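The values are calculated or read from the model by the stated rules, or taken from the named source; none is laboratory data. Here the structure is a predicted model, which is why all the values come from computation and not from measurement. Here the Cβ positions follow ideal geometry from the backbone for every residue, glycine too, while neighbour counts run over all protein chains shown.
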Amino acid sequence: MARALYIHWPFCLAKCPYCDFNSHVRDSVDFSVWQQALLADMRHEAQAAGGEPLDSVFFGGGTPSLMPPALVAALLDEAEKLWGFAPGIEITLEGNPSSVEATSYSDLAKAGINRASLGLQALDNSTLQFLGRLHDADEGLKALEIAQQHFGRVSFDLIYARPGQSAADWQAELTRALGFGTGHLSLYQLTIEPGTKFATMVRQGEFAPLDDDAAADLYALTREITAAAGLPAYEISNHARAGEESRHNLTYWRYQDYSGIGPGAHGRRGGVATVRHRKPENWLAAVAGKANGIAEERALDQREQASEAMLMGLRLREGVDLAALSARFALGRDALCNPAKLAFYIGQGLTWQSARRIGVSENGMPLLDALLAELVPESLIKA
């Protein structure tokens, strides 16, 4: 039964450097058409994965903070009718920190949003320009200030391990960020993914990535500073005060069920993986034809689910409950985690084990990808 709902809004109403799909950019949108289609897609999911009240709703995607508050309210009203809301439900809106979007924060709060996640990414203009962001530092900080006035919980993200960034530079920036008083920060190392603009820039010699040792030092510094400030890491890149962890993201990492609606949305419910049509027009056509936007619906066998649960859960400081996963997927503990490798890395101080749980230690987190490949049996990953 799904306890979380992800609503994907595909459009950017201004040219955005992060759009990898030209049809996501719109000068105008017929919101009435989209409201009816999203409601139909939601009703399908409630029928397939209803039964328990929702713990969280997350509006993500292109530029969801530019959705009309009336549309947000209509979707939340319907979600509450279909599922019911658990006490203290977390309702998050993802947004770019622009002055245009910040003007609607008051109305979005009245529509039911109680948590905002803002993509600040940096606190200085030169870095924002390098990252391709449309907002400048002052605009972003003003949007953060307005968000804190209207939403009970606010998170923002920063990107570090940037070319030429020193430990002193990052310490100053992170200390400043912590001074804004939010209860949650997402802090990501800059990665150069194949096929991206950054990969092309590196290949053409426009900049050199920070070397691995320097990036590792910044990672360790990040954990040290946030822990001292009362926002320890609860996931490899996410830091929060106690009780302010993102409940929606914890749903993914704990491998609990969630429903996804809207173009390109993914979902996991009852051992079934769902993928919506990515292109907005194709998604609309699918909803018109069969009352849902699903492009693919695939049953996952027990081993595939177990693999996903292990790979996601070991990202968390809390690790995974190996006994619970063993019972859930009818697999022995040794099928979920290589016991010899676990014991070896415990001896190295990189992993830990309690009566029921295993996890990656503070020292092991910088090596997470390598440890996952060692701990989770290849036969499970390739199931």
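Points to keep in mind about this one:
- If only residues of the range 106-128 that are at pLDDT below 95 and hydroxyl-bearing (Ser, Thr, Tyr) are counted, the one that is nearest to Ile159 (Cα to Cα) is Thr127.
- Only one of the numbered conditions (1) of a type in the set (Gly, Ala, Ser); (2) more than 30 Å from Leu39 (Cα to Cα); (3) within 21 Å of the chain's Cα centre (by Cα) is violated by Ala273, and that is (2).
- Listed conditions (1) surrounded by fewer than 17 Cβ atoms within 10 Å (Cβ to Cβ); (2) more than 20 Å from Pro69 (Cβ to Cβ) are all met by Glu145, apart from (2).
- Qualifying residue in the range 194-212 (condition: loosely packed, with under 15 Cβ neighbours inside 10 Å, of a type in the set (D, E, K, R) and either at pLDDT 95 or above or outside the structural domain of Glu90 (by TED's automatic domain parsing) (or both)): no
- Looking only at the range 64-90, residues that are in contact with a helix residue (DSSP H, G or I) (Cβ under 7 Å, 6 or more places away or on another chain) and closer than 26 Å to Glu101 by Cα come to 13 in all.
- Test for Leu66: is it at pLDDT below 90 and among the hydrophobic types (A, V, I, L, M, F, W, C): yes
- Those helices (runs of 4 or more DSSP H) lying entirely in the range 48-136 with at least 3 residues buried (at least 22 other Cβ atoms within 10 Å of the Cβ) and not charged (D, E, K, R): 69-82
- Taking first residues from the range 107-136 that are β-branched (Val, Ile, Thr) and partners that are in a helix (DSSP H, G or I) and crowded, with 22+ Cβ neighbours inside 10 Å, the Cβ contacts under 8 Å between residues at least 6 apart in sequence or on separate chains come to Ile113/Val72.
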